[in-house]
Amino acid sequence: MRRTSFTERKVILVEYKTLYNDVKNILSEKRFKHSEGVVQRALEYAQIYGVDSEVVKLVAIAHDIAKELTEDQEKEYINKYNIVLDEVEAVNHNLLHAKIGAYICKDKYAFTEDMINAIRFHTTGRPNMSLLEKIIYLADATDPGRKYNSIDYYVDIVKENIDKGMCEVSKWVINHLLENNKVIHLDSVRCYNYYDKT
């Protein structure tokens, strides 16, 4: 039986095993398997681009920590952290987990600003992302468990040129949202526009 509540204990320095077990106890088996896949893919990218693997593992395993909150739990965290939602987040609750998860990881696990931003923007992307942010965004989109046919194409591009990968993956995300009549966050548009010019 999975637990969906968070303890209030403040952790100064979190070990990967501790965070791994916390996330495993919070998420469903399917969602946790995705998180493990993101860790796997993120470590591949981190090795190529020289980003600290221990930091990458922590962020990757935690990126969806708030993904399966109930609506009441979302409201609780929004109130607790005084989170301000923009007009798109107010109508598209699929975006809330990134912002809420960033606050949880800052408060409970003392994540650095770069780690927090990597969680905050792993769904939408944004212009001028740090290497860590790009790795988590791209690993989330190219998790080995994803079923779309072109995943190998995107992985190859990311491994060759991470900014080109950002352009191609963000374009794919926007097209996917359009095809499914979903609202598109302006950060996603700005992300594509930025990396299309790099």
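For the stretch 55-71, name all the residues that are in a helix (DSSP H, G or I) and either at pLDDT below 95 or under 18 Å from PHE121 (Cβ atoms) (or both). Result: VAL55, VAL56, LEU58, VAL59, ALA60, ILE61, ALA62, GLU71. The set of residues in the stretch 161-186 being among the charged types (D, E, K, R) and in contact with a helix residue (DSSP H, G or I) (Cβ under 9 Å, 6 or more places away or on another chain) consists of ASP163, LYS164, GLU168, LYS171, LYS182. Condition first: closer than 18 Å to GLU133 by Cβ and touching a residue at least 24 places away in the same chain (Cβ under 8 Å). Can you find one or more residues in the stretch 174-184 that meet it? No, every residue in the stretch 174-184 fails to be closer than 18 Å to GLU133 by Cβ and touching a residue at least 24 places away in the same chain (Cβ under 8 Å). When you look at ILE116, is it closer than 18 Å to SER35 by Cα, at pLDDT 95 or above and out of contact with any Pro (no Cβ under 9 Å at 6 or more places or on another chain), yes or no? So ILE116 passes the test.
The values are calculated or read from the model by the stated rules, or taken from the named source; none is laboratory data. This one's a predicted model, so the numbers in the text were calculated from it and none came from an experiment. All Cβ positions, glycine included, derive from the backbone under ideal geometry; neighbour counts span all protein chains shown.
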